[in-house]
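Trainee: Here it is: the structure, laid out below.
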Amino acid sequence: MSDIRGKIDRLLEKLDELDFHGEISLDTPLAPMTYYKVGGNASVFIEVGGTVDLVSLKNTIDGLSIPWMLIGGGANLLVSDSGFKGVIIKLAGSFSEIIVDEDKIKIRSGSAVPLLSLVREGSRIGMAGIERLAGIPGSVGGAVYMNAGTFGDYIGGLIESIDILTENNTVTTLKNPDCEFTYRTSRFQKTTEIILGCSVKSEKGDPGKINIEIERRIARRKDTQPIEIPSCGCVFRNPDGCRSAGFFIQEAGLKGTKKGGAEISGKHANFIVNTGHATASDILFLMALARKKVRDLSGINLDPEVRLVGFDKPLEAILDAIEKEEKF
Ligand SMILES: Cc1cc2nc3c(=O)[nH]c(=O)nc-3n(C[C@H](O)[C@H](O)[C@H](O)COP(=O)(O)OP(=O)(O)OC[C@H]3O[C@@H](n4cnc5c(N)ncnc54)[C@H](O)[C@@H]3O)c2cc1C
């Protein structure tokens, strides 16, 4: 029996003793849980519905030193073809609650709430600025972790406070400045804290106008992005102070380039799409190719935005290794 299998057996025994409530499944396919629809299985997948159970689970996992990872809506994840040897945790139940305070133009949202539901509720009460998050797939927790947004606007600009489970498994509340929000980054990308929920707040806007802007943005995405084909959205962050990553990939003549079942989209060059039978390796190959060709042509080193699940090296090191091996 492998080391991880033994640890997982012990985890299941301990959770049973603790009267843990949550949905547990073994050897669970992760591809259907991600927008990319690629990758292997998780040793264990656990859906947790409340803070008490999450704390018991995290304490037990930490005590057994089992690798773990949180997944939200799976809109920005690339799962390894060999899957994830450990526990994948997904928040559900009370983490899906949303409480609206119309007078204060404030919403308290659990992390498992779909971002679109937050946008719709915000629009209903005239939360100015919420329209900028329209059309971004995934959950509220994932959006906070990624500081998701469009152009210069991101969710961090609307956040008042965030409830987290700390690395020591205690619950605490962070104020906005503690979260270190900058373009597509937050403090959570440097820690193993779990985002439980957040409060968003803004000035009063006109609900009708906000709703029109939401629909306009969603329609525009349909025109400019291949949203009907599996992808993780933009693969690379836009380089600082200059044009978009997609512009540089297009300039390098890579639109439509294929590897296995993966393709650099002809509609939007910063999207690598899964045309039906892509593997994670196919997608990584195209990422390494785009990064190398853009560096050669424009001197810009593209910085990936997508997050990895189940790889034993950081993304940059994986791309470096592919680049060296393939001699593009
Ligand atoms: C078609 C398409 C278009 C997109 N357009 C945009 C866009 O315009 N702007 C943009 O910013 N992004 C965009 N994205 C990317 C994606 O939608 C965002 O990154 C989104 O915020 C990811 O949320 P998620 O819940 O799916 O997170 P996941 O992909 O599930 O996870 C992302 C990361 O967040 C972590 N995480 C998730 N939940 C928690 C939690 N509760 N606590 C701690 N860590 C957590 C995960 O461990 C992982 O590291 C697009 C994606 C697609 C497929």
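Trainee: So, restricting to strands (runs of 3 or more DSSP E) that lie completely within region 1-91, which ones have at least 3 residues that are surrounded by 14 or more Cβ atoms within 10 Å (Cβ to Cβ) and touching a helix residue (DSSP H, G or I) at 6+ places or on another chain (Cβ under 7 Å)?
Mentor: Where strands (runs of 3 or more DSSP E) fall fully within region 1-91 and carry at least 3 residues being surrounded by 14 or more Cβ atoms within 10 Å (Cβ to Cβ) and touching a helix residue (DSSP H, G or I) at 6+ places or on another chain (Cβ under 7 Å), they are 41-48, 84-91.
Trainee: Starting from region 195-216, take each residue that is assigned to a helix (DSSP H, G or I) and list its partners that are polar (S, T, N, Q), counting only C-beta distances under 7 angstrom and pairs at least six apart or across chains.
Mentor: Close Cβ pairs (under 7 Å, with a partner that is polar (S, T, N, Q)) amount to Pro207/Ser123; Ile210/Ser123; Asn211/Ser123; Ile214/Ser123.
Trainee: Given the options Leu315, Leu289, Leu284, name the one that is under 27 Å from Pro67 (Cβ atoms) and buried (at least 20 other Cβ atoms within 10 Å of the Cβ).
Mentor: Leu284 is the lone residue from the list that is under 27 Å from Pro67 (Cβ atoms) and buried (at least 20 other Cβ atoms within 10 Å of the Cβ).
Trainee: Within the set of pairs 6+ apart or on separate chains, which have a first residue in region 277-293 that is among the aromatic types (Phe, Trp, Tyr), a second that is surrounded by 24 or more Cβ atoms within 10 Å (Cβ to Cβ), and C-beta atoms under 9 Å apart?
Mentor: The qualifying pairs are Phe285/Ala262.
Trainee: Evaluate region 134-143: report whether one residue or more is open to solvent by 50 Å² or more (accessible area, probe 1.4 Å) and either within 12 Å of the ligand (Cβ to nearest atom) or at pLDDT 95 or above (or both).
Mentor: yes
Trainee: Here's another thing I want to ask about it. So which residues in region 58-86 are in contact with a Leu (Cβ under 7 Å, 6 or more places away or on another chain) and within 18 Å of Asp19 (Cα to Cα)?
Mentor: Those that are in contact with a Leu (Cβ under 7 Å, 6 or more places away or on another chain) and within 18 Å of Asp19 (Cα to Cα): Lys58, Thr60, Ile61, Leu64.
Trainee: State all residues of region 205-247 that are open to solvent by less than 70 Å² (accessible area, probe 1.4 Å), more than 12 Å from the ligand (Cβ to nearest atom), under 26 Å from Asn274 (Cα atoms) and more than 20 Å from the chain's Cα centre (by Cα); if no residue qualifies, say none.
Mentor: Within region 205-247, Ala219, Phe247 qualify.
Trainee: Looking for whichever is at negative phi and in contact (Cβ under 8 Å) with a residue 60 or more places away in the chain here; the options are Val44, Val87. Which one fits?
Mentor: Val87
Trainee: Just to be sure, is Ile130 more than 8 Å from the ligand (Cβ to nearest atom), open to solvent by less than 20 Å² (accessible area, probe 1.4 Å) and either in contact with a Phe, Trp or Tyr (Cβ under 9 Å, 6 or more places away or on another chain) or not assigned by TED's automatic domain parsing to the domain that holds Lys106 (or both)?
Mentor: no
The values are calculated or read from the model by the stated rules, or taken from the named source; none is laboratory data. Not measured: the values here are computed from a predicted model. As a convention, Cβ positions derive from the backbone with ideal geometry for all residues, glycine included, and neighbour counts pool all protein chains shown. In case anyone asks, the SASA skips ligands and DNA or RNA and just uses the protein heavy atoms, side chains included. Shrake-Rupley method; radii C 1.70, N 1.55, O 1.52, S 1.80 Å.
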